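Asks: This is the structure, below, for whatever I ask next.
The values are calculated or read from the model by the stated rules, or taken from the named source; none is laboratory data. These figures come from a predicted structure and were not determined experimentally. Ideal geometry is used to build each Cβ from the backbone, glycine not excepted, and the neighbour counts take in all protein chains shown.
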Amino acid sequence: MTRHPRSTRPESGTAPAFHATSAGRPAGPRELLIRDAADREIGRIEFRLCRACGTGHVDSVTVAPSWQGQGLAREALHRILPDDLALTWTTSRQTGQGRAFFAAVTEETGIDFPAGRPGCVHLREPG
């Protein structure tokens, strides 16, 4: 079940914080949470990485409506891209808004994020 961030209004002068969770196993699910100054969740990226196979998969990207349009999802996605390894990425099925987001990120980074099944068997295993 996907949990949706609470819809909170941005407070002027406060920058959101990003908090990563680690996977319980090498290719297990991970999250990068985005929290406001009151420590409320306002967004998240759920993803998996398999360094052995050189693949990554984005399961979901969510940002509370009142926080959208501020580059938070873009910044979160940049934070999950490993500096030390070029990965081949896939994403879950994309909405129209998701397709536009991933097209913009692809143009910015040169990394394709096509919708489709994860590229390695390790990422297809249940979390």
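Asks: What pairs come out if I take residues in the stretch 91-103 that are among the hydrophobic types (A, V, I, L, M, F, W, C) and pair them with residues that are assigned to a helix (DSSP H, G or I) and surrounded by 11 or more Cβ atoms within 10 Å (Cβ to Cβ) whose C-beta lies under 8 Å away, six or more apart or interchain?
Replies: If the second residue must be assigned to a helix (DSSP H, G or I) and surrounded by 11 or more Cβ atoms within 10 Å (Cβ to Cβ), the pairs left are F101/A73; F101/R74.
Quick grid of which residues meet (1) of a type outside the set (D, E, K, R); (2) in a strand (DSSP E or B); (3) in contact with a Pro (Cβ under 6 Å, 6 or more places away or on another chain); (4) at pLDDT below 90:
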site: A38; (1), (2), (3), (4): yes, no, no, no
site: G43; (1), (2), (3), (4): yes, yes, yes, no
site: S60; (1), (2), (3), (4): yes, yes, no, no
site: G69; (1), (2), (3), (4): yes, no, no, no
site: I111; (1), (2), (3), (4): yes, no, no, no
site: H122; (1), (2), (3), (4): yes, no, no, yes
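Asks: Return the total of residues in the stretch 59-109 being buried (at least 16 other Cβ atoms within 10 Å of the Cβ), among the small types (G, A, S) and touching a Lys or Arg at 6+ places or on another chain (Cβ under 7 Å).
Replies: Residues meeting the conditions: 1.
Asks: Quick one: in the stretch 92-112, which of the residues that are touching a strand residue (DSSP E or B) at 6+ places or on another chain (Cβ under 9 Å) and of a type outside the set (D, E) is farthest from V63 (Cα to Cα)?
Replies: Filtering the stretch 92-112 down to residues touching a strand residue (DSSP E or B) at 6+ places or on another chain (Cβ under 9 Å) leaves 92-94, 98-99, 101-102, 111-112.
Next, from what is left, pick out any that are of a type outside the set (D, E): 92-94, 98-99, 101-102, 111.
On the way: S92: 16, R93: 17, Q94: 15, G98: 12, R99: 15, F101: 12, F102: 14, I111: 22 Å.
Only one residue tops the list, namely I111.
Asks: Further, regarding this structure: For the stretch 75-90, enumerate the residues that are free of Cβ contacts under 8 Å to residues at least 40 places away in the same chain and farther than 13 Å from D59 by Cα. Give the steps one after another, and end with the answer.
Replies: Of the residues in the stretch 75-90, the ones free of Cβ contacts under 8 Å to residues at least 40 places away in the same chain are 77-78, 81-90.
H78, L81, P82, D83, D84, L85, A86, L87, T88, listed by residue number.
Asks: Next question, about the same structure. List, please: which pairs have Cβ atoms under 8 Å, are six or more places apart or on different chains, and start with a residue in the stretch 19-30 that is touching a residue at least 60 places away in the same chain (Cβ under 8 Å) and end with one that is surrounded by fewer than 14 Cβ atoms within 10 Å (Cβ to Cβ) and part of a loop (DSSP other than H, G, I, E, B)?
Replies: The qualifying pairs are P26/A52; A27/A52; A27/E125; G28/G127; P29/G127.
Asks: Look at the stretch 46-58 and say how many of its residues are buried (at least 18 other Cβ atoms within 10 Å of the Cβ) and either of a type in the set (S, T, Y) or in contact with a Ser or Thr (Cβ under 7 Å, 6 or more places away or on another chain) (or both).
Replies: We begin by selecting, within the stretch 46-58, every residue buried (at least 18 other Cβ atoms within 10 Å of the Cβ); these are 46-50, 55-58.
Imposing the further condition that a residue be either of a type in the set (S, T, Y) or in contact with a Ser or Thr (Cβ under 7 Å, 6 or more places away or on another chain) (or both) reduces the set to 46, 55, 57-58.
Adding up the residues that qualify gives 4.
A quick yes/no check of all residues on (1) touching a His at 6+ places or on another chain (Cβ under 8 Å); (2) not hydrophobic (A, V, I, L, M, F, W, C):
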site: R48; (1), (2): yes, yes
site: H78; (1), (2): no, yes
site: D83; (1), (2): no, yes
site: Q94; (1), (2): no, yes
site: E108; (1), (2): no, yes
site: I111; (1), (2): no, no
site: G119; (1), (2): yes, yes
site: E125; (1), (2): no, yes
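Asks: Condition first: among the hydrophobic types (A, V, I, L, M, F, W, C) and assigned to a strand (DSSP E or B). Now tell me which residues in the stretch 45-58 satisfy that.
Replies: Of all residues in the stretch 45-58, those among the hydrophobic types (A, V, I, L, M, F, W, C) come to 45, 47, 49-50, 52-53, 58.
I45, F47, L49, C50, V58, listed by residue number.
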